[in-house]
1. Placing +1 on the Cβ of each Lys and Arg and -1 on the Cβ of each Asp and Glu in the stretch 81-198, which of I98, S108, F190 has its Cα farthest towards the positive end of the resulting dipole?
2. Run the helix sum for the chain: -39,500 (n - 2.57) per DSSP H stretch of 4+ residues, divided by residue count, reported at 222 nm to the nearest 500 deg cm²/dmol.
3. What is the sum of charges, Lys and Arg at +1 and Asp and Glu at -1, for the other residues whose Cβ falls under 13 Å from the Cβ of A96?
4. At 0.692 mPa s and 37 °C, plugging the Kirkwood radius over alpha-carbon pairs of the stretch 147-241 into Stokes-Einstein gives what diffusion coefficient in µm²/s?
5. If you keep only loop residues by DSSP, which GluC sites (Glu not before Pro) in the stretch 501-576 have at most 14 other Cβ atoms within 10 Å of their Cβ?
6. Have a look at the DSSP beta bridges in the chain and tell me what percent are antiparallel, nearest 5.
7. Given H placed 1.01 Å from N in the peptide plane, which residues other than close sequence neighbours of I551 have an amide H under 5 Å from its amide H?
8. Give me the three principal axis extents of the stretch 211-311 from the C-alpha atoms, as integers in angstrom, largest value leading.
Amino acid sequence: MCGIVAYVGHHDAFPILIKGLQRLEYRGYDSAGVAMLSNGEINLYKKKGKVSDLLEFTKDKDVTGNIGIGHTRWATHGPPNDVNAHPHFSENKKLAIIHNGIIENYASLKAELIKRGHHFESETDTEVLIHLIEDIQEKTGKDLFEAVRIALGEVIGAYAIVILSKDDPHTLIAAKKSSPMVIGIGEDDFYIASDATPIIEYTKNVVYLEDEEIARIDLKDGLKLKTIKNEKIEPYIQELELQLEAIEKGGYDHFMLKEIYEQPRSVQDCMRGRLNIRKGTVALGGIKDYENKILNANRIIIVACGTSWHAGLVGEYLFEDLARIPVEVEYASEFRYRNPIINENDVVIAISQSGETADTIAALELAKSKGATILGVCNVVGSTISRITDAGVYTHAGPEIGVASTKAFTAQVTVLCLMALRLGHLKGVINESDFHRLLIELSSVPEKIENVLENAEYIKEVSAKYKDVSNFLYLGRGYNFPVALEGALKLKEISYIHAEGYPAAEMKHGPIALIDEDMPVIVIATKKGNYEKVVSNIQEVKARNGKVIAIVTKGDETVKKMADYVIEIPEIVEPWSPLLTVIPLQLVSYYIAVMRGCNVDQPRNLAKSVTVE
Ligand code: G6P
């Protein structure tokens, strides 16, 4: 939620900020703004809408300066408009701030500051923070760094902030708590951003700021870190592994399409070094020391949000079926507030692409406080969840930019497949011959995803038939029930068509009332997995004149005769089938959204990294 970027050095700041904001736009695109310091003046420009709107707005403006800050917003306090856009000025306009997060006690701070003569232009919590900092500076006579440190001791909430001062053309002050921030160290300049994507083309040396750390980034003195409690910290410089090509569109019309097509490779990357056919082994180094703990756990509790929660549901089927370990899957946002019963014999696994989702982090912290073992399945290396968990497994899908998650989902499911396979084998639930068969089948998934993608033109034709409908129903059973939920979510997110996912048999307890000739129903009807029962569900839909698009196993003739359209996937053992059945559903939602003229990569109201609850 919200992207921040800042630069100080000898180059023009503006193009670096704009490019950085475009890379961070997946984090929010309600408004964008920049502030540069040039000849002793802060030039601040901000605009409702996208970074492209800001660019248009600044066309004939003074955008010079070698130091600056930039922001792309996902609105929390105050509607998206020009005034609420960041950066925000302090009272005397000598300081400007960008902020990602929420200052929870902003209302009481604001009331106090108003009494002290401050005036506010916006409805944001951020403007309150910069006024508070200036107020402390004036009251105490301390320098900006100290004033920021004292102010942050007074605020409750989450923040990643960068402050630009009119009085100091060489220095930026940055700080973070519960919102991510990375500082890039160039040869003679510095870059600050919410993630590494705006930095990668300039430097590979980075410092990830920890919670409650404040940085003074000075062109002459370099990077100095302290905690809010005033302890000095030595910056730990790491080398980025991210490649520039990974965050560019590479010839595709949209990031989402690129990411859908990357799945043969991302699933392969996820299995690399873990699944070894020759040796007949599955090894997950990240959780090796915790395998006994998981095997002896009372139960596994999976916490996640959005698409990651759907991956968690597939995990429930996998762990219970293949390893016979009881599993509960919880929305992180519900789990954290419902006083759950957890103890030290529970293993809580958080699934998160970004590793920064606020509710998932809070759920983990709660579980940890009750003594549970906490594990993570994350995509972003070095993310908060990957750091606070006892251990975990990275999904290695590479950066996912499209707001609608695709390759992150299949990589999460792949990790869960590997875990279930390993644990089931260790526990003796899966015998040797089944283990080898499952291993070989899993290793064939990338090639089989490739086969599904070869069918994209046909999937596009089918999608075209239904691009104008208002409702969609998705049905699946067993392992493919969560895939039905995921298919419906994808369509809702990017095409704004109302869609619902249902366990196929539940249809007759309600949704069947909605079925008529205008209601397309996507049914996952692959072989095995209650196939005959799903076939009956298809007949129930057809009997009511519904339109059926069925996802079937290659060569299926039975469903072909009943359905309006069939989309074939290669044969695969049932536990791994979600890795294939989800692919056509991703493509259907993509094509329909494009045909409806929707902004596929940046759907309205959504953001990729939800760092507020
Ligand atoms: C947002 C994104 C979803 C994502 C969810 C959870 O809603 O738009 O694509 O599934 O957050 O994010 P996480 O990073 O924790 O997987």
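The values are calculated or read from the model by the stated rules, or taken from the named source; none is laboratory data. Just so it is clear, the structure is predicted and the values come from calculations on it, not from any experiment. Methodologically, a virtual Cβ is constructed for each residue, glycine included, from the backbone with ideal geometry; neighbour enumeration extends over all protein chains shown. Ligands, DNA and RNA are excluded from the accessible area calculation, which covers all protein heavy atoms including side chains. Shrake-Rupley method; radii C 1.70, N 1.55, O 1.52, S 1.80 Å.
1. S108
2. On the way: 20 runs with 218 residues, N = 613.
Dividing the helical sum by the residues of the chain leaves -10500 deg cm²/dmol.
3. Details: positive: K46, K93, K94, K166; negative: E41, E91, E121, E127, E134, D167, D168.
Neighbourhood net charge equals -3.
4. On the way: Rh = 13.5 Å.
D = 243 µm²/s.
5. Values: sites: E506, E517, E532, E540, E557, E568, E571; in loops: E517, E557, E571.
Answer in residue order: E517, E557.
6. On the way: 66 of 107 bridges.
In the chain, approximately 60 percent of DSSP beta bridges are antiparallel ones.
7. Those qualifying (amide H under 5 Å, at least 5 residues apart or on another chain) are V523, I524, A525, I567.
8. 54, 47, 33
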